[in-house]
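Read-outs throughout are calculated quantities, based only on the coordinates presented, and are distinct from any laboratory measurement. Owing to the predicted nature of the structure, the values given are computational and were not obtained by experimental measurement. Backbone-built Cβ (ideal geometry, glycine too); neighbour counts: all protein chains shown.
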Amino acid sequence: MRYAETGFNLEIDLTRGNIEKVATDPKDTELYLGGLGTNTKILWDRVPPETDAFSPENLLIFGTGLLCGTAATGCNRTIVSTISPQTKLMAFSMMGGYWAPELKYAGYDKVVLRGKSPDLVYIWINNDKVEIRDASHLKGKGAIETASLLQKELKEPKAQVAAIGLAGENRVFYASIEQGRSSASRGGIGAVMGDKNVKAIVVRGTQDINIADPEKFMDLCYEVNDYIKWRQENPIKGVIPILAILGSPQEMAIHDEQWHTENFSWGNARTRRKGFWTDEVSEEWLETMNKARTRLISCYNCPIACGATISLPGLPTYMMKCFTKLTYTMAAMSNLEFGLTIAQRATEYGVDGYSAPQVMAFALELLENGILSDTDFPDMPEDNEGRHFYLLDKIVRREGIGDVLANGTHWAAKEIGNGAEEYAHNNIKKQEQLPLKLSMLNPIYFLMYCTGEKINITQIEGQFPQAAFPKREQREKFVKDWFQVPDDKFKQYFLDWEPRGENSNPYYPTVDMTCDIVDWQEMMHYIDDALGMCAGLSSFHMKPPYHIHNFPQFITAGAGIEMNEEKLKQAAKRYRTLLRAFNINRGMRRKDEKPPEDHWKKRFPELEKELLDTYYVYKGWNEEGIPTRESLHELGLDYVAEDFISRGILTDEGKSS
Amino acid sequence: MTGEKKKKIIKTIRIDVDKCHGCRACEMICSAFHAKPRYSSSNPARSRIRVIRDPLADIYVPVYAGEYTVAECAGRDKYTINGKEYSECAFCRASCPSRADFKEPDSGLPLKCDMCEGEDEPLCVKWCTVDALVVEEREEEVEEEIEQEELEVGLEELASKYGMNTIMDAISRLSKKD
Ligand code: SF4
Ligand code: SF4
Ligand code: SF4
């Protein structure tokens, strides 16, 4: 018997309309766990580097985490992996909600889509019965609307639906896949789904997920639940509200937005608005939120409720979470009411709440600076808010300039030319980033920005405080119950970190310390993404309930795979390295690994070079960021080394050629 | 046949639909608790509590599995409360032929909440950390009734389904076989 996982993937060939239930190899689970780990293995095995995002040979994989569907609180992530049309690298966006557990209960660990359907279809997975069904009546429908229509059509109110909106259908490079309160947004995976002509995947499952050692597993679950309760009642002192308590993050419940609104840059990631958060603004926003928010809502088996149902007068209800609350507001230099209103339309269209607002602000900046002209925006309203609605519609419909903008700022700037590239200034690896511009280089963030292949800072940061605490007593207090650290040295790193003086940024934490810290942060995210754990209860937070010391026990008791810390670290390193290898094959190199030029005002080229050099060695990569032959061998990835050599990426001596 | 007064513990679960955020932890843990061996699997479809969820309509109703019923109601009910329209039979606890809820998914056998017999606290309550489910106990004096035998209850059900004469015939036929 297989534990925690079902042991089956659903393979769907959309070109031929063929559906197969395929048993998976338990050895792969041991080596790559599940979720992102096994997704990566499948992509490595089956999608060659020449494959374009919109080729029928590209796969779109919906992978559940290894522990999804078990009693482990907050373990509900679906990891969607494919080739991104925007970055041309692997996209691996995740979504919470209810879809992953439902798929597990239906008897599958993954849905692997290949080929392309000739017509718009949806997939209906009802336990063993799987059908590809006509979706022509859903063409152009909103993602949320589609979910409701399908639940009605199938008379299955309990079915879970992952759907795309118009943006996905029209292959907007930052189209999302929406699933009720959650979405998988980054990297344009919704566009790949649209390209495959799949409007939605509907799932209903009523089968068991088995546990290897029930008694031990429940003990672990209770420990975690008790800790969550304690942790929420004892917020971390001296940090911003969303970091003080668990959640992914608690943007819907927490009202104080001083930190985001005053520190993040508005418009096209340009303007800091110090002093923005006045009493009047605070009151106005509070009123807006209280009026709009019907209820705080959770994902499957999680008490945190960090999403919300939003109902604005005259508009259909939708669900929201996280930072999308602010992105439209800030890009448009408007207020929260506007932000929540346009987000309703954006959610139905299914676009990424990070990229879409920035692309709109970018377009208006180009207009302001004469790179685009009024003729590029026929019939655009005069008012600021109206312009943003107009742009969103144009982009999603790929009409006029919208067709260019739909490819994101990087590709749009290239196409527009005439100096437009200067304005696509907030990208990493061709993808729009959080609009954050700071003063002093932070070595930890430097490395995360450079090497994080999820290309999204929130999906690599966590565990370690974002800034030094002012007083030593505060730091001493903080480290006292910091049992999540993989090694006690991290406590010392933090204790000695000062806001000013010798032991402060950018030279402290030292290069070596920085490598340790970033590696730990990244590892925890990769483990979450393989197990299906929500980062809001784990990797994103300081002192989270899940950590390197209890995860191995969860895997042993849950999945029946003998696990310990070393073995888990090795597994995470294995699929993390495989993911890098996949991207290396697609051309990613050191030159691509850099934060936006203007991310910090004060830059230190020599230090930055040393950081990257040292971290590459630390990770077992050569000076180009390519995993070396020795490190591949150590991880049991000789097949990667052979592939690299055959492609001339590594020479026999292990040098990059 | 009136017996003596006797003390009885009555357990009530208070359900606050305003506090429910739809996580279904209650369903998950109920199914795990009743798995054999205990906690060896989870499958909300086997749960004895169901959360009727319709997030867009802001509807969250945890419902407990009650008695099995052989036939569905002649008429159905549909409530509208504070402008929210609840689905048909939303508040009903019956394991009823009209719907899939409160039945084992494979065998179709009825499920009934047993208040997690033997546990200090019902598991669904324990896992609902937002207090949408809270258990209360009170002592009541009741007149002791002669408990109807299980067999009798079963026979009565059969009789209501097939008619008493058919049952009697069947019994006499069966006894002749021996
Ligand atoms: S913390 Fe928030 S996002 Fe994470 S599982 Fe819980 S409700 Fe979902
Ligand atoms: S555990 Fe509580 S909050 Fe969660 S669905 Fe059940 S009743 Fe609602
Ligand atoms: S009280 Fe126990 S048996 Fe009843 S629904 Fe709750 S968990 Fe299930």
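Ranked by the mean number of other Cβ atoms within 10 Å of their residues, highest first, the peptides A:570-576, A:508-514, B:73-79 come out as A:570-576, A:508-514, B:73-79.
For a paramagnetic label modelled on residue A:415 (point 7 Å from Cα along Cα→Cβ), amide N atoms under 18 Å away belong, within segment A:134-169, to A:166-169.
Centre-to-centre separation between the Cα atoms of segment A:228-293 and those of segment A:491-564: 24 Å.
Using modelled amide H (1.01 Å from N, peptide plane; none on Pro or chain starts), what sits under 5 Å from the amide H of residue A:436, excluding residues fewer than 5 places away? For residue A:436, whose amide H was placed from the backbone, the distant partners under 5 Å are A:265. Each of A:230, A:434, A:577 was placed along the dipole of chain A (beta-carbon charges, centred on the mean Cα), and the one lying farthest toward the positive end is A:230. Here the spin labels are modelled as points 7 Å beyond Cα on the Cα-Cβ line, and at residue B:136 and residue A:128 they lie 4.7 nm apart. For residue A:8, nonlocal amide neighbours, meaning residues 5 or more places apart or on other chains whose placed amide H falls under 5 Å from its own, are A:24, A:109. Per-residue Karplus couplings for segment A:210-225, computed as 6.51 cos²θ - 1.76 cosθ + 1.60 with θ equal to phi - 60°, are listed in order as 8, 10, 5, 10, x, 5, 5, 4, 5, 4, 5, 4, 5, 4, 5, 4 Hz, Gly and Pro entered as x.
Taking a ≥ b ≥ c as the square roots of the eigenvalues of the alpha carbon gyration tensor, segment A:438-646 is oblate, as a/c is not under 1.5 and a/b does not beat b/c. Listed values for segment A:244-253 are Karplus-derived 3J(HN,Hα) couplings in whole Hz (6.51 cos²θ - 1.76 cosθ + 1.60, θ = phi - 60°), namely 6, 10, 5, x, 10, x, 7, 5, 7, 8, and x replaces Gly and Pro.
At full extension, residue B:88 and residue B:11 could sit 25.0 nm farther apart than now, given 0.36 nm per residue minus the alpha carbon distance. Placing +1 on the Cβ of every Lys and Arg and -1 on the Cβ of every Asp and Glu, with no other charges, gives segment B:12-102 a dipole of roughly 420 debye about its Cα centre. Scanning chain B for GluC sites (Glu not before Pro) in DSSP loops with at most 16 neighbouring Cβ atoms within 10 Å leaves B:5-66 as the longest stretch between them. Loop-located GluC sites (Glu not before Pro) in segment A:552-607 (DSSP state other than H, G, I, E, B) with a sparse environment of at most 13 neighbouring Cβ atoms within 10 Å: A:562, A:597.
Between residue A:294 and residue A:237, the modelled labels are 4.1 nm apart [label points 7 Å from Cα along Cα→Cβ]. Per-residue ellipticity at 222 nm from helix content only, as computed over chain B with -39500 (n - 2.57) for each DSSP H run of at least four residues, stands at -7000 deg cm²/dmol. Positive end of the dipole of chain B (Cβ unit charges, origin at the Cα centre): among B:170, B:63, B:21, the Cα lying farthest that way belongs to B:21. Within segment A:376-397, list the residues whose amide N lies under 13 Å from a label point set 7 Å along Cα→Cβ of residue A:284. None, by backbone N distance to the label point.
As a length-normalised measure over Cα pairs under 8 Å and 6 or more apart, the relative contact order of segment B:14-170 settles at 24 percent.
Relative contact order for segment A:1-53: what percent, with Cα pairs under 8 Å and sequence separation of 6 or more?
22 percent
Among complete DSSP H helices in chain B, those whose alpha-carbon atoms stretch at least 15 Å along the helix's long axis and whose mean Kyte-Doolittle hydropathy reaches -1.0 are B:150-162, B:164-177. Counting Cβ atoms of other protein chains within 10 Å of each Cβ in A:211-222 and taking the mean gives 3. Apply the a/c threshold of 1.5 to the C-alpha gyration tensor of the protein assembly as shown and tell me whether it is rounded, prolate or oblate. Prolate, because a/c is 1.5 or more and a/b exceeds b/c. The GluC sites (Glu not before Pro) of segment A:422-527 that meet both conditions, a loop assignment by DSSP and at most 11 other Cβ atoms within 10 Å of the site Cβ, are A:502. Only Cα pairs under 8 Å and 6+ residues apart enter the sum, and on that basis the relative contact order of chain A stands at 15 percent. Karplus-derived 3J(HN,Hα) values for segment A:99-107, using 6.51 cos²θ - 1.76 cosθ + 1.60 with θ = phi - 60°, are 5, 4, x, 4, 5, 4, 5, 7, x Hz; glycine and proline are entered as x. Note on chain A: helix-only mean residue ellipticity at 222 nm, from DSSP H runs of 4+ residues weighted -39500 (n - 2.57) and normalised by residue number, equals -12000 deg cm²/dmol. Length gained on full extension, residue A:373 to residue A:477, computed as 0.36 nm times the residue gap minus the Cα-Cα distance: 31.7 nm. How would you classify segment B:7-144 from its alpha-carbon gyration tensor, with a ≥ b ≥ c the square roots of the eigenvalues: rounded for a/c under 1.5, else prolate if a/b is greater than b/c, otherwise oblate? Judged from the Cα gyration tensor, segment B:7-144 comes out rounded (a/c under 1.5).
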